1. Sort out for me the strands (runs of 3 or more DSSP E) sitting completely within the stretch 12-78 that have 1 or more residues that are touching an Asp or Glu at 6+ places or on another chain (Cβ under 8 Å) and of a type in the set (Lys, Arg).
2. Please indicate, with yes or no, whether at least one residue in the stretch 207-217 is among the acidic types (Asp, Glu), out of contact with any Ser or Thr (no Cβ under 7 Å at 6 or more places or on another chain) and buried (at least 20 other Cβ atoms within 10 Å of the Cβ).
3. If you go through the stretch 300-323 one residue at a time, do you hit one that is among the hydrophobic types (A, V, I, L, M, F, W, C) and surrounded by fewer than 17 Cβ atoms within 10 Å (Cβ to Cβ)?
4. Just give me the residues in the stretch 88-109 being in contact (Cβ under 8 Å) with a residue 60 or more places away in the chain and surrounded by fewer than 19 Cβ atoms within 10 Å (Cβ to Cβ), in sequence order.
5. Among the residues that make up the stretch 102-112, is at least one of them at pLDDT 95 or above, touching an Asp or Glu at 6+ places or on another chain (Cβ under 8 Å) and either over 17 Å from residue 313 (Cα atoms) or in a helix (DSSP H, G or I) (or both)?
6. Of everything in the stretch 288-332 that's part of a loop (DSSP other than H, G, I, E, B) and closer than 30 Å to residue 135 by Cα, which residue is nearest to the chain's Cα centre (by Cα)?
7. Touching a Leu at 6+ places or on another chain (Cβ under 7 Å), crowded, with 18+ Cβ neighbours inside 10 Å and not aromatic (Phe, Trp, Tyr), is that true of residue 39?
8. What residue, among those in the stretch 253-287 that are within 30 Å of residue 27 (Cβ to Cβ) and of a type in the set (Gly, Ala, Ser), is nearest to the chain's Cα centre (by Cα)?
Amino acid sequence: MGRVTEVRCAVIGYGGAFNMGKHHADMMERTGVMKVVAVCDVDPKRLEAAKSELPGVRTYLSVDELLAKEDFDLAAIVTPHNTHAPLALKCLKAGKHVIVEKPMCLTVKEATAMIEAAKQKGVMLTVYHNRHWDGDFMAIREVVEAGLIGEIFHVEMFGGGYHRPGPWWRSDKAISGGLFYDWGAHYLWWLLQLIPHPIQSVVGAFHKLKWHDVTNEDHVQAIIRFANGTIADVQFSTIAAAGKPRWFILGTEGAIVDRWEGKFSVHYFVNGIRAETQVPYKESRWFEFYRNVANHLLHGEELAIKPEQARRVIAIMEYAERSAKQGGKALPIPYEQL
């Protein structure tokens, strides 16, 4: 039997929002060793679009039909958040490698079931945290790892503003998971890359005060205490009439402030003299995700985005809400034992 040189892929969810199904297909094909052979979507119009954009691709209206009729190796699941776990479990149990869009799922229980299913079948499971390779984050991480601001002890992160949420599934809590589950998944992934310590506890505060025509929260907050004493305060809002920096990082030797303006400021000391410099963002390299997946499957390269890491992101969001419902009680989260 010869060595496998190509990964046959199926994209599940070719919906029109952000054209993400096409984005995944393009990234797969760009590797040169991943071939999109099938697309599955509940909307016949989107399947027609797939046929036009991906000549020769076969299309299916259900995952059950896809699994029964198509011969493929890997499924990329690009569907609403509440469907990630059920669809991933179907594919994993059928012996398929799985890439699931972020957020991984809605609960730690779902994440654990996905991880266990992948292990039982001996297949790959990963999450599309492509913003691990965002140019702004890579530049911040480089400054931190160079030791320019010393050891981080305090982080504040903010996203949002004052605006009525749109009338679509991302504003529906039952489907989306809530306000935290969109950009929050990116922010928390970044945070966990910068703070390499177990999480001691999470305190949450959730507000529903203004936009009653949608079910997502208006403002959410997670205060995360790490085992080394570092505190992180992460907030997202649709009722913040005044903004804050996206990143406000304090270290023992300096600080970083980023307002998402193409550069960020670094405050540090040279021979006891306070200095400040502006650091430009690097060029984003999202393709690294698929390059890594292809090399992992074909050549055994270490997986960059491990499912156990992605589960920590879900745990913070889930347990922040649990904390809020318990009056702001500090809660330990699963899989963070010292």
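The values are calculated or read from the model by the stated rules, or taken from the named source; none is laboratory data. None of the values given here were measured: they were computed from a predicted structure. Don't worry about glycine lacking a Cβ; one is built from the backbone with ideal geometry, like all the others, and counts go over all protein chains shown.
1. Details: elements: 34-40, 58-60, 74-77.
Where strands (runs of 3 or more DSSP E) fall fully within the stretch 12-78 and carry at least 1 residues being touching an Asp or Glu at 6+ places or on another chain (Cβ under 8 Å) and of a type in the set (Lys, Arg), they are 34-40, 58-60.
2. Within the stretch 207-217, the first condition is being among the acidic types (Asp, Glu), and the residues that meet it are 213, 217.
Going one step further and asking which of them are out of contact with any Ser or Thr (no Cβ under 7 Å at 6 or more places or on another chain), we end up with 213, 217.
Right, trim to buried (at least 20 other Cβ atoms within 10 Å of the Cβ) and you get 217.
Scanning the stretch 207-217 turns up at least one residue that is among the acidic types (Asp, Glu), out of contact with any Ser or Thr (no Cβ under 7 Å at 6 or more places or on another chain) and buried (at least 20 other Cβ atoms within 10 Å of the Cβ).
3. Yes: the stretch 300-323 contains one or more residues that are among the hydrophobic types (A, V, I, L, M, F, W, C) and surrounded by fewer than 17 Cβ atoms within 10 Å (Cβ to Cβ).
4. 107
5. Yes - at least one qualifying residue is present in the stretch 102-112.
6. Checked the stretch 288-332; the qualifying residue nearest to the chain's Cα centre (by Cα) is 305.
7. Values: touching a Leu at 6+ places or on another chain (Cβ under 7 Å): yes; crowded, with 18+ Cβ neighbours inside 10 Å: yes; not aromatic (Phe, Trp, Tyr): yes.
Taking the combined requirement at face value, the residue satisfies it.
8. My answer is 284.
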